[in-house]
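Before any comments, here is the structure.
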Amino acid sequence: DTGVSQNPRHKITKRGQNVTFRCDPISEHNRLYWYRQTLGQGPEFLTYFQNEAQLEKSRLLSDRFSAERPKGSFSTLEIQRTEQGDSAMYLCASSSGRFNSPLHFGNGTRLTVT
Amino acid sequence: AQTVTQSQPEMSVQEAETVTLSCTYDTSESDYYLFWYKQPPSRQMILVIRQEAYKQQNATENRFSVNFQKAAKSFSLKISDSQLGDAAMYFCALGGGAQKLVFGQGTRLTINP
């Protein structure tokens with residue numbers, strides 16, 4: 001088991017373009033989370049999945065953002081019509097789903113919108 | 001709503017000394033848990049230590065220990081015998097029934113050789 005994997009590590013895009021990020025969680029984990037982190041701040045919750053079901057979405061997740069976990073394994077986060085304010089580190093985490101079990105984070109995808 | 005506050009944006013300590021990072025939180029849930037995470041410059045968040053709210057005993061992991069004051073809603077992290085590899089951003093995080101963690105703003109810890 002290699003931990004949580006995120007791709008790409010870095011993404012530079014022009015304003016108005018669409019981007020998609022991928023997250024592969026730890027294989028036996030049924031919960032998967034997406035967070036956004038801006039420079040010098042703590043991670044902010046975006047959304048999470050239990051298997052393939054998306055159970056909660058933050059108000060931070062505007063209509064331009066969509067996340068999927070089609071088979072309860074990997075997940076994708078798509079941002080449509082990117083804006084400069086979307087520039088951030090996007091973190092994925094997974095957990096076993098047991099109460100008080102920690103989140104295991106990936107290395108993140110750094111998005112820069114020019 | 002759950003909130004986590006870290007009032008120390010930056011801290012520094014001499015190598016081999018002890019440092020304490022502060023965290024206060026607020027929650028209406030009776031059953032919750034707390035974590036400290038470390039984020040080195042490579043950016044991957046790493047779990048340092050966890051504490052269940054129902055446990056009165058403070059958690060300890062080698063050189064890392066917490067001072068959990070439930071009534072005061074305080075959860076500080078003590079790092080003993082600081083090492084250069086401890087330099088990182090440290091985040092306090094609060095979790096509850098949904099297991100969705102709420103993070104503080106972080107404290108940047110610098111270790112002076």
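Since every read-out is calculated from the coordinates, none of them should be taken as a lab result. As the structure is a prediction and not an experimental result, all values here were calculated from the model. Counting neighbours? That spans all protein chains shown, and the Cβs are built from the backbone with ideal geometry, glycine included.
Here are some notes:
- Residues A:Glu44 and B:Met11, FRET efficiency given R0 of 22 Å [Cβ-Cβ distance, rounded to 0.05]: 0.45
- Computed about the Cα centre, the dipole magnitude for the protein assembly as shown is approximately 500 debye when only Lys and Arg (+1) and Asp and Glu (-1) carry charge, each at its Cβ.
- When peptides B:8-21, B:76-89 are ranked by their average number of other Cβ atoms within 10 Å per residue, the highest-first order is B:76-89, B:8-21.
- Geometric extent, Cα atoms of the protein assembly as shown - Rg, Dmax (angstrom): 17.6, 52
- Selection of trypsin sites (Lys or Arg not before Pro), region A:1-78, meeting DSSP coil and at most 10 other Cβ within 10 Å: A:Lys14, A:Arg59, A:Lys71
- Peptide A:39-49 has a mean shielding of 4, counted as Cβ atoms of other protein chains within 10 Å of each residue's Cβ.
- Placing +1 on the Cβ of every Lys and Arg and -1 on the Cβ of every Asp and Glu, with nothing else charged, gives chain B a dipole about its Cα centre of roughly 180 debye.
- Rounded to the nearest 20, the size of the Cβ-charge dipole of chain A about its Cα centre is 300 debye, with Lys and Arg at +1 and Asp and Glu at -1.
- Kirkwood Rh in Å, taken over all unlike Cα pairs in chain B: 14.1 Å
- Mean separation of Cα pairs under 8 Å and 6 or more residues apart, divided by the residue count, gives chain A a relative contact order of 37 percent.
- Among the listed pairs A:Lys11/B:Lys78; A:Lys11/A:Lys71; B:Lys55/B:Lys100; A:Lys57/B:Lys78; A:Lys11/B:Lys70; A:Lys71/B:Lys73, those beyond 31 Å (Cα-Cα): A:Lys11/B:Lys78; A:Lys57/B:Lys78; A:Lys11/B:Lys70; A:Lys71/B:Lys73
- For the residues of B:103-110, the average number of beta carbons from a partner chain within 10 Å of their own beta carbon is 2.
- Cα lying deepest toward the dipole's positive end in the protein assembly as shown, options B:Gln56, A:Ser73, B:Met89, charges on Cβ: A:Ser73
- Peptide B:30-41 has a mean of 2 when you count, residue by residue, the C-beta atoms of other protein chains within 10 Å of its C-beta.
- Sequence of A:His104, A:His29, A:His10 once ranked by neighbouring C-beta atoms within 10 Å, starting from the fewest: A:His10, A:His29, A:His104
- Mean projected area in nm² (Cα convex hull; one quarter of hull surface) for chain A: 6.8 nm²
- In region B:1-54, the convex hull through the Cα atoms has an average projected area of 5.2 nm², a quarter of its surface area.
- Taking the Kirkwood radius as Rh and the Cα radius of gyration as Rg, region A:39-104 has a ratio of Rg/Rh equal to 0.96.
- Scanning residues 5 or more positions from A:Gln41 or on other chains, none has an amide H under 5 Å from its amide H, with H placed 1.01 Å from N in the peptide plane.
- 3J(HN,Hα) along region B:67-76, derived from phi through the Karplus expression 6.51 cos²θ - 1.76 cosθ + 1.60 where θ = phi - 60°, amounts to 10, 9, 10, 5, 5, 8, 6, 10, 8, 9 Hz, with x in place of Gly and Pro.
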